[in-house]
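Student: This is the structure, below, for whatever I ask next.
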Amino acid sequence: MISRYEAFLNGVALQTISPDILIHDISYGAPSFQDDTFSVAKRNGSRIFRRSFDSISVTIRFEIHAYSVASRQAICQAVCLWAKSGGELKTNDREGQYLQCVCSQFPSVESARNWTDPLTIVFTAYAVPFWQDVAVTSIALTAGSSGSKSAFVPGNADGALVEAEVTAGGSLTTLNLTVNGRTLTLSGISVSSGSKIVISYDTDGIQSIKVGSTSLLNKRSGVDDLLANCGAINTFGFSANVSVTVTFKVKGVYV
């Protein structure tokens, strides 16, 4: 069957599971978030001092046009297998973006008789509660003991996690990395010339800071994470005790 819509999970299209699958619609829920507020003395109202996003979901509604009750059930079970581990979800109306998600509602055949009834599957992103750019925005700073550069980061949300690769040009003992005035410091380190520090995040948003396989997380101070504001110009900078080359990497995020 032919549908205008398609969903891909880890590169596998939903409708390739069976030619009897027809996607009716893909809908996007508003992001779930919380506002922390405080009151101002002798004034009405309150002020927001922090907004934290919790999750964002996408719902896929589809039919299985298999008249055989056994075939319809088998196809539904194959869809559950496709969905069970979650991963990178892409849809053809959000080109260049993906959602790192889990399956939060599995489809179920509620009626063996009504074989054209629609089924529903829901995916939810928790660890990174945004749609993310597939393409990475890279900001390379030339070699030196300090430097800065301004660059535009696409997207429409704030708090995009910034990764970095730093190559030492000498015996590196102190490094400061700054994004929009927030500084992450590595001190008391011993990185030889030519070696590379890599700050990265896994799919659950867990940070690692390594030289090769050696962790430097216990050398970190200042802010825990470097964050970019999307849809805006951001300032990236560094300083070190020796010359280094630095490349910041960030994916735009979207609600």
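The values are calculated or read from the model by the stated rules, or taken from the named source; none is laboratory data. Remember, it's a predicted structure, so these values are computed and weren't measured experimentally. Backbone-built Cβ (ideal geometry, glycine too); neighbour counts: all protein chains shown.
Student: May I ask you to say which residue of Q73, Q100 is outside any strand (DSSP E or B), at pLDDT 95 or above and surrounded by 12 or more Cβ atoms within 10 Å (Cβ to Cβ)?
Tutor: Details: Q100 fails: outside any strand (DSSP E or B).
After applying the criteria, what remains is Q73.
Student: Identify all residues within the range 206-255 that are basic (K, R), within 16 Å of T178 (Cα to Cα) and either out of contact with any Ser or Thr (no Cβ under 9 Å at 6 or more places or on another chain) or touching a residue at least 40 places away in the same chain (Cβ under 8 Å) (or both); write none if there are none.
Tutor: Within the range 206-255, just K249 meets the criteria.
Student: Among the residues of the range 110-141 satisfying the criterion of being in a loop (DSSP other than H, G, I, E, B) and among the charged types (D, E, K, R), which is surrounded by the most Cβ atoms within 10 Å (Cβ to Cβ)? Write out each step before concluding.
Tutor: Within the range 110-141, the subset in a loop (DSSP other than H, G, I, E, B) is 110-118, 126-130, 134-136.
Still in the list and also among the charged types (D, E, K, R): 110, 113, 117.
Numbers: E110: 8, R113: 6, D117: 13.
By that ranking, first place goes to D117.
Student: Can you pull out every residue in the range 142-162 that is in contact with a Leu (Cβ under 8 Å, 6 or more places away or on another chain) and closer than 21 Å to V255 by Cα?
Tutor: D158, G159, A160, L161, V162
Student: Pull up the range 76-96, narrow it to residues that are over 12 Å from I121 (Cα atoms) and part of a loop (DSSP other than H, G, I, E, B), then point me to the one that is nearest to the chain's Cα centre (by Cα).
Tutor: It comes out as G96.
Student: (1) more than 21 Å from G231 (Cα to Cα); (2) surrounded by 17 or more Cβ atoms within 10 Å (Cβ to Cβ); (3) modelled with pLDDT of 95 or more: which one isn't true of A164, the others all being true?
Tutor: (1)
Student: When G11 is evaluated against the numbered criteria (1) surrounded by 13 or more Cβ atoms within 10 Å (Cβ to Cβ); (2) on the phi > 0 side of the Ramachandran plot, which criterion, by number, is the only one it fails?
Tutor: With (1) surrounded by 13 or more Cβ atoms within 10 Å (Cβ to Cβ); (2) on the phi > 0 side of the Ramachandran plot applied to G11, the lone miss is (1).
Student: Here's something else I'd like to know. Considering only residues that are of a type outside the set (A, V, I, L, M, F, W, C) and surrounded by 15 or more Cβ atoms within 10 Å (Cβ to Cβ), look in the range 25-49 and name the one that is farthest from P129 (Cα to Cα).
Tutor: Going through the range 25-49, the residues of a type outside the set (A, V, I, L, M, F, W, C) turn out to be 25, 27-29, 31-32, 34-37, 39, 42-47.
From what's left, surrounded by 15 or more Cβ atoms within 10 Å (Cβ to Cβ): 28, 31.
Details: Y28: 13, P31: 8 Å.
Of everything passing the filter in the range 25-49, Y28 is farthest from P129 (Cα to Cα).
Student: Only one of (1) surrounded by fewer than 17 Cβ atoms within 10 Å (Cβ to Cβ); (2) touching a residue at least 40 places away in the same chain (Cβ under 8 Å); (3) within 21 Å of the chain's Cα centre (by Cα) is not met by G144, so which one is it?
Tutor: Result: G144 passes all but (3).
Student: Going by what's in this entry, would F238 be described as outside any loop (DSSP other than H, G, I, E, B), under 25 Å from Y98 (Cα atoms) and at pLDDT 95 or above?
Tutor: Details: outside any loop (DSSP other than H, G, I, E, B): yes; under 25 Å from Y98 (Cα atoms): no; at pLDDT 95 or above: yes.
Taking the combined requirement at face value, the residue does not satisfy it.
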